[in-house]
Amino acid sequence: APGFDDKEIRIAAWGPQTGPAAPWGSVARAPAVLAAMINEQGGIHGRKLKHFVRDDQYNPAQTKVVVKELVEKEGIFSFVCGTGSAGGLAVKDYLAQNKVIWVGPATSVKEYVFPVQPYLFSVYPLYEDEGSILTKYVIEKLGIKEIGVVYQNDPYGKNGLDGVRQRLDHLKMKAVAEIPVEATEKDLSSHVLKLKSAGAKAVLMWVHPTTGVVLVKTAATIGYKPQWVASNTLSDFELMNKISGGLWEGIITGAFMLPPDSDDPRVVKYREAAKKYAPEERFGVFFMAGIMFTEPLVEALKRVGKNLSTEAVLKALNSMKNFQGVGPKLTWSPDQHQGSDSIQIWKCGPGGKTILLQDWTVNELAHWKKK
Amino acid sequence: MLKVNNIETWYDLIRALHGISFEVKEGTIVALLGSNGAGKTTTLKTIMRLLYDLREEQPEKGTIEFMGVRIDRKDTEEIVRMGISYVPEGREVFPELTVAENILMGAYTRKDRKGVKEDMERLMARFPILAERRNQEAGYLSGGEQQMLAIARALMSRPKLLMLDEPSLGLSPLLTKQIFDIIKELNEKDGVTILLVEQNVNMALKYAHFAYLMENGRIVRADRPEVLREDEDVKEFYLGIATEQSVKGFKRYRRKVRFR
Amino acid sequence: MDMKRDYYEDVQLFESNVVLFWTVVLLVFLFTLPLYVPSYRFSLFNLVLVHVILAVGLNILVGNTGQISLGHAGFFAIGAYGTTLLMTKLGLPFVLALPLAAFISSAFGFILGLPALRLEGPYLSIATLGFGLTVTHIIGHWDFFGGRTGLQVPPLDLGGGFILKTDVQKYYLILIITIFLVLSARNLLKTRVGRAFVAIRDSDIAAEVIGVNLLIYKTLSFAVSAFYAGIAGGLFGFVLGFFNPEPFNLILSIVFLVMIVVGGLGAIAGSIMGATLITILQYSLLKNIKEVPYVGPFMVDISSRWFTVIGLENLNSIVLGLIMIAIVIFEPLGIYGIWLRIKKYWRTWPF
Amino acid sequence: MYGQLIVEGLSIGACYAVFGIAVVIIYKTSEVINFAQGEMAMISTFVAYHILNVYGWPFWYAFIGALFFAVLLGVFIEVCFLRPAKDPTVLGLIVITLGAEMLLMGLASWKWGAEQKDFALPFSFHKTHELFKGVVINDWSIAVFVMAAVLMIFLYIFFRYTKLGVAMRATQQNEHAARIMGIKVERVFSFAWGFSSLIGALAGMFFAARSTLDPAYMMEPFLRAFAAAVLGGLMSIPGVVIGGGILGILENFVGFHWPAWKPIVAFLVIVAVLCIRPSGLFARHYEKKV
Amino acid sequence: MGDHFRVENLSISFGGLKAVDGVSFDVEPNTIFSIIGPNGSGKTTIFNLICGIYHPHSGRIILEGRNIVGLKPDRIARLGIARTFQNIELFGNATVMDNIMLGRHIHMKTGVFSGAFMWWRGSRAAQEEIVHREEVEKIIDFLDLQSVRDQFVSSLPYGKRKLVELGRALALKPKVLLLDEPSAGMNTEEKEDLSIWIKDIREDYKVTILLIEHDMNMIMGISDRVICLNYGRKIAEGLPQEVQKHPEVIEAYLGEEDIFRHA
Ligand SMILES: Nc1ncnc2c1ncn2[C@@H]1O[C@H](COP(=O)(O)OP(=O)(O)OP(=O)(O)O)[C@@H](O)[C@H]1O
Ligand SMILES: Nc1ncnc2c1ncn2[C@@H]1O[C@H](COP(=O)(O)OP(=O)(O)OP(=O)(O)O)[C@@H](O)[C@H]1O
Ligand SMILES: [Mg+2]
Ligand SMILES: [Mg+2]
């Protein structure tokens, strides 16, 4: 099936809805709100959007099963979001073989974009760039030289660490501590004590939200108060501030979209829609990210017009220049599918309010753009 | 005191008891005799309702009354509390509890701490070897010692009815005699009623007041020991006084032929 | 008395013509399956077959030898990584890489069998659990194994450029391997080694006294079981096409154990049925219930009233949990026990 | 730094120990490792959370309410899931607990969603007291220590000297014989499950206060607690507590020097220990006599 | 002293308890040698020492001129010692047939691979199975177990299980057979049958039998030599009649009254 007909265009997302990784699942559900909004306004050139969500429990075996079923039974025009790197890597070739587009994977995986995959369009900024930009901010704006890093032992954490190193190497500096952590660990006293004994005045984290909370809580118990800096994954301030018991206040993070509590009309529009179509969902960073990842596809569909085809949409996506929704500016070309290169820097204010410290910033050290 | 009425028991699809009825009168010693696989153990287990987890409705048919109360649908624990104590086949001591703890468990249903203590000392005096091993795990006792422990444990609850499944199993001749003396003494002095399953038919018939003979899940004879002792069949099959030597000889011959 | 029995009857592959007939029917059905079922189902069927192989092996260890293992995901991982790496790094062909990886896995099984000599019950389960965790941990920390990112699996080349691409093609390969391994296991259990395993399970002291060397047979049981897990793992890699250490976690080990207990401990048919049922339920029971007409809106309504709609997918694990409990409660021998009962019923039917 | 490491190690170890005790109580009566233990604690903690945040009652009400719920839950699982099992094998029972685990986890995720929640105890970890120079201990740790010590002493005496305690051990070794002694085996099981669930819920609330509350948050602590219990020897209550302490300190020391190995070092050490002492550090190994 | 089977100065203690204390005896080939003694006097422990389950603190056990102390039980089994257990140690979830087949374990060779490749009648494993099943069937016939051949032993009554255990030990074709209270739980008739069987076994298998029993009828009827233990020490040795009259034996073991009229 081509994934669309005269009445509807079928899009889908997979993501863990059950099991230990389920907190990530809201990303995959969010496009439904965008679809509902668009459908209410009559759809895209007369076609309604139909969004499917499938639970894969963060397990690539399940991802493969649900994606095949979606493609071959329901007929999917394009996937959006798609959480979990192993699952994504397991199905990306299959999707390409079946000419199914995939826009805005909900993780930043280098293998998705280097080398270019013709059907895959990434929105997510590279963790490496984020690491580099955040480190620059800490050193130059905050004037802290003793930097410790806690990173999750996986591509996410390691790419973040690489970014930090890139910046520090550039400045001929060295981190005072680089500590790996597993996502499942719940007791992090030794990590915190190591940071403290290494004299880290700022600690950068590429970790799971729960890990971040445990780190901050544990530090509080032994009276260790560095400047915490974290990846965008930990930038859901409303949530983080609540589950850390208020300790999140003052923490600086990277971010790649407008704050969900912003007054920007674009955000307000989505927030209202979410309240209407998905009253149960908390309009947090993950949920809004799901919408953001879908925006460029919708834009491309609009640009293509009535004569819909996969090739046409591919062309529209490949020629997208500086498109900006609620996320970063996106530029895709036939030989560059990493759409964004910039992040914002936020700070958690009292009660989990978002304070914008620095607007969209590009990593001037990034080498991927030079290639 | 105990009235068993036409009970039937099944192991999955095999009927082990085909309608058994017998009675144990208060203050007597009753022996239940029979060859291997006759269903003696099954009878006792049915009375104690230990086959419950095989099948809910066990015994399948028939009734069991103890002191006028029906117990065939009561839980084991309740039956024990009503005053039946049971020495199971194969000892079934608690291997990782000490000897003393094992004996104490026998008195689980009793509330009088002092009485329990006294009884325990009395039993220890009776079985000096248990006293010696007091703080040893019961699992490390020898077979006979475990048998003694199982009997001692059953006595701790001061039962009204004591059911023993092959109490002499694995005991030395001297101890067998002592155990039977204890049984007799219990019966006469303390007025405990006793239901005895035995392979040692000689001994059982010597001490019992009444005996039932079982075969293949049925009761085939019921009489006083004096009578049974004179019975030819009983003599041959249970007392081992073969009247026809030639039969045995033939049996043996046949086996030998087959074996070669 | 000179009527001589034919003792081959006791051990032959098909006990009777009836069994032979039904076996042939089943095989024909399995081999023609792609004719009746859409092809997207076959990635699930391939998983089922892979799990069947593993469950049969695990049942030899747990059901027949009485040694518990909570680390089989580790052997599974060794098989998957071994096969892939032998092919990509050493350039071995698939037909060599798969058995070689399985032998590596079985060597690890042998090593794990050593502490198992003295351990039992929960102590053994912690030791095996530690093994499983260690394997995935080391794989995840070593870039040689692709670290946490994972490994791309090479094309499934049977030799001479005969490459299996689609799921259906892979299905035939895996099916043939499965049938071969299942029958081998059945043969093994009917003969001397299998009996020695059972002896160890029922009474290791008696086993020793009749001359069964515990050191050899306990470790052998681990090794055989790990061999099966290794083959299963190697095939699993090709089913996925790309994998990282994440799926080989403790939960998977536990699911394997559940498969054989629910299927029927110590019964090969049980492992097959258990693996099939649990895998299929896990992957499809009550999934996407929201999209089912009538039932969906009803469940959404219930959810929004007393629960949360976003958590509705958890119905899968709730009902699966209940099914597991129910099977074990009502039939200690698992599905195999239920099967036996049905058979018995039909044999005596209509009486 | 090492002083602080030891304090932190001991306090998390004590928390593992308390949870390990919950595991051991069930093991001691029925030889079953209860894989639902973590989820039972999790859902009890969620009940406390619900009472606090949805009904808005004061903390201690929620606390008592959750403990009460935990007892009921434990008894419920025993009565409805384990008791009806006919002629069960130990593995069969373990699978039942696994089924219960999936059920509880699913229910909690369905009811409260998967997102992390906050749960705080009055024993704050912000409030610290200086033990020695540079070594501080917080209220949370003190409370855990007290809880572990009290439970250990109480249970040690209970299992050794009280009739019910000995009966629980007897039940594990031979259920049939226990029945013959007049022990109400069903009641013993219910008691064990209720009590164990209560202790588990206590530990669960302490864990939640230290990290976050979500349906999966007890999986990792359960494994550690199980490991601590095995290290100590499963049958011995003081053994579990000491095992927990060893585990906590060991993990923190290794975590400090080689953080990459922290998640598995406990298991490696345990395997090594078990090779030498097959029944853990503090339990006597019973070898069947023939 | 004969070199067939001999025990020298055997001792073991558990904690402070001397379970076996300097016991020596010498068994002639092809005889029935009985060990009696009060409960807990160390009889079973001697068996456990002989077949390697326990290791003695001192002493030697000689089988055909070779000291077997320190060997593992399975090695000892291969050297030709088989036993039965006082508390029955059968493989409960296997059939009678399989239990006895397991007794043939040491005489068979099938390994993992040849076992797994038993695809047709001529395969090595199948051939071996057939040969050994015939052997086993002879034992089943001999012990009259035909009727329960395919039953699981856990559902057999006590007495039958004892026979299966005996059959399993016989299947090893041992040189020395240790029987620990084989007649416990049998009635008089069955005991007599058993006596006959034991005698037959000795004759047909040319095996030396060590027998632990509490049934004096049986002891008196079939043993060639008897020793009596008490507190781990040997207190009497000799022909059955001699031991029976030994005052220490009477005091410690038999009791005063003569209850063995049928001896
Ligand atoms: N668990 C069981 N499953 C199936 N059948 C059984 C089971 N237990 C006993 N039986 C059968 O029930 C019958 C009676 O057995 P039971 O143990 O009651 O005999 P018994 O008279 O006590 O014999 P023994 O003197 O050997 O102890 C036997 O035929 C036996 O095979
Ligand atoms: N593993 C052990 N640990 C501690 N004590 C033991 C052990 N094995 C045996 N004993 C003790 O050694 C003594 C001898 O035991 P053994 O089993 O040899 O007795 P036995 O002569 O066979 O008695 P029975 O006729 O009652 O079977 C007993 O007192 C027993 O408690
Ligand atoms: Mg009996
Ligand atoms: Mg003995």
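Data table
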| item | result |
| --- | --- |
| Neighbouring partner chain Cβ atoms per residue of C:124-135, average, 10 Å criterion | 6 |
| 10 Å Cβ neighbours from other chains, averaged over peptide E:116-125 | 5 |
| Assigned charges on the beta-carbon of Lys, Arg, Asp, Glu; chain E dipole about Cα centre (debye) | 1160 |
| Rotationally averaged projected area of the range B:1-149 (alpha carbon convex hull; nm²) | 10.1 |
| For the range A:10-56: relative contact order, % (alpha-carbon pairs under 8 angstrom, 6 or more apart) | 54 |
| For the range A:279-348 and the range D:192-254, distance of Cα centres in Å | 46 |
| Alpha-carbon Debye profile of the range D:188-290, log10 I(q)/I(0) at 0.12, 0.19, 0.25 Å⁻¹ | -0.48, -1.06, -1.33 |
| Long-range HN-HN contacts of residue C:266 with modeled amide H, under 5 Å | C:63, C:64 |
| Zero-based 10 Å bins, Cα pair distances in the range E:93-172, whole percents | 19, 47, 27, 7 |
| Share of pairwise Cα separations in the range C:1-122, more than 17 Å, in percent | 73 |
| Prolate/oblate/rounded label for the range D:162-204 (Cα gyration tensor, a/c 1.5) | prolate |
| Choice from D:81, D:69, D:206 showing the highest fluctuation, given a GNM over chain D with Cα pairs closer than 10 Å | D:81 |
| Theoretical FRET efficiency, 1/(1+(r/R0)^6), r = Cβ-Cβ of residue D:286 and residue C:347, R0 51 Å, to 0.05 | 0.70 |
| Mean projected area (nm²) of the alpha-carbon convex hull when the range D:230-290 is viewed from all directions | 4.3 |
| Diffusion constant of chain C at 25 °C, which comes from Stokes-Einstein with the Kirkwood Cα-pair radius and 0.890 mPa s, µm²/s | 113 |
| Fraction of antiparallel bridges per DSSP, chain A only, in percent to nearest 5 | 30 |
| Cα centre as origin, Lys/Arg/Asp/Glu Cβ charges: the protein assembly as shown dipole, Debye | 2220 |
| Reciprocal of mean inverse Cα separation for the range A:223-337 (Kirkwood radius, Å) | 16.3 |
| Debye intensity ratio I(q)/I(0), log10, chain D, q values 0.10 Å⁻¹ (C-alpha model) | -0.53 |
| Inter-chain Cβ neighbour average for residues A:53-64, partner chain, 10 Å | 6 |
| Highest-fluctuation residue, A:46, A:352, A:223 considered, GNM on chain A with Cα pairs under 10 Å | A:223 |
| Compactness of the range C:40-248 as Cα Rg over 2.2 N^0.38 Å, two decimals | 1.03 |
| Residue exposure sequence - C:208, D:8, B:121, D:175 - by fewest surrounding Cβ within 10 Å | B:121, D:175, C:208, D:8 |
| Which of C:47, D:35, E:179, positive extreme of dipole for the protein assembly as shown (C-beta unit charges) | C:47 |
| Diffusion coefficient, µm² s⁻¹, Stokes-Einstein with Kirkwood Rh over alpha-carbon pairs of the range A:153-226 at 10 °C and 1.306 mPa s | 123 |
| Share antiparallel - DSSP beta bridges, the protein assembly as shown, percent rounded to 5 | 50 |
| Dipole of the range D:92-135, positive end: most advanced residue of D:105, D:116, D:94 [Cβ charges, Cα centre] | D:116 |
| Magnitude of the charge dipole, the range E:93-172, Cβ model with Lys/Arg +1 and Asp/Glu -1, debye to 20 | 140 |
| For chain A, Kirkwood radius (reciprocal of mean inverse C-alpha pair distance, Å) | 20.9 |
| Pairwise FRET efficiency - residue C:142 versus residue E:233, Cβ, R0 = 51 Å, nearest 0.05 | 0.20 |
| Per-bin percent of Cα-Cα distances, chain E [5 Å] | 1, 6, 12, 16, 18, 16, 13, 9, 5, 2, 1, 1, 0, 0 |
| Around residue A:351: net Lys/Arg minus Asp/Glu count, Cβ-Cβ under 9 Å | -1 |
| Debye intensity ratio in log₁₀ form over the Cα atoms of the range A:43-153, taken at each q of 0.13, 0.15 Å⁻¹ | -0.61, -0.73 |
| MRE, 222 nm, helices only [DSSP H, n ≥ 4, -39500 (n - 2.57), over the protein assembly as shown, to nearest 500] | -16000 deg cm²/dmol |
| Highest to lowest packing among E:74-87, D:189-202, scored as the average C-beta count within 10 Å | D:189-202, E:74-87 |
| Whole-percent pair-distance distribution, where bins are 10 Å wide, for the alpha carbons of the protein assembly as shown | 1, 7, 14, 18, 18, 15, 10, 8, 5, 2, 1, 0 |
| Per-residue Cβ neighbour rank within 10 angstrom, fewest leading, B:124, D:42, D:1 | D:1, B:124, D:42 |
| Inverse mean reciprocal Cα-Cα distance (Kirkwood Rh) of the range C:1-58, Å | 14.6 |
| Exceeding the 20 Å Cα-Cα cut-off - candidates A:110/A:174; E:175/E:199; A:110/A:158; A:110/C:170 | A:110/A:174; A:110/C:170 |
| Listed residue pairs exceeding 24 Å between alpha carbons, taken from A:269/A:302; E:18/E:191; C:218/D:28; E:138/E:162 | E:18/E:191; C:218/D:28 |
| For residue B:31, distant residues with modelled amide H under 5 Å away | B:196, B:209, B:210, B:211, B:212 |
| Sequence of C:144, D:282, E:5 once ranked by neighbouring C-beta atoms within 10 Å, starting from the fewest | C:144, D:282, E:5 |
| Of C:190/E:72; C:343/D:86; B:3/D:163; A:186/A:353, those spanning more than 30 Å from alpha-carbon to alpha-carbon | B:3/D:163 |
| Length-normalised contact order for the range C:40-248 - Cα pairs under 8 Å, 6+ apart - percent | 45 |
| Orientation-averaged projected area, Cα convex hull of the range D:92-153 (nm²) | 7.6 |
| Inter-centroid distance (Cα atoms) of the range E:104-165 relative to the range C:304-332, Å | 45 |
| ³J(HN,Hα), Karplus 6.51/-1.76/1.60, whole Hz, each residue of the range B:174-190, x for Gly, Pro | 4, 5, 4, 4, 4, 4, 5, 5, 4, 4, 5, 5, 4, 5, 7, 6, 8 |
| Pairs of alpha carbons in the range D:1-119 whose separation is greater than 21 Å (percent) | 49 |
| Dipole axis of chain A (+1 Lys, Arg; -1 Asp, Glu on Cβ), positive-most option in A:340, A:38, A:195 | A:340 |
| Part-to-part distance (alpha-carbon centres) for the range B:1-42 and the range D:16-51, which is given in Å | 45 |
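Read-outs throughout are calculated quantities, based only on the coordinates presented, and are distinct from any laboratory measurement. All values reported here derive from a predicted model rather than from experimental measurement. Every residue, glycine as well, gets a Cβ built from its backbone with ideal geometry; the counts of neighbours run over all protein chains shown.
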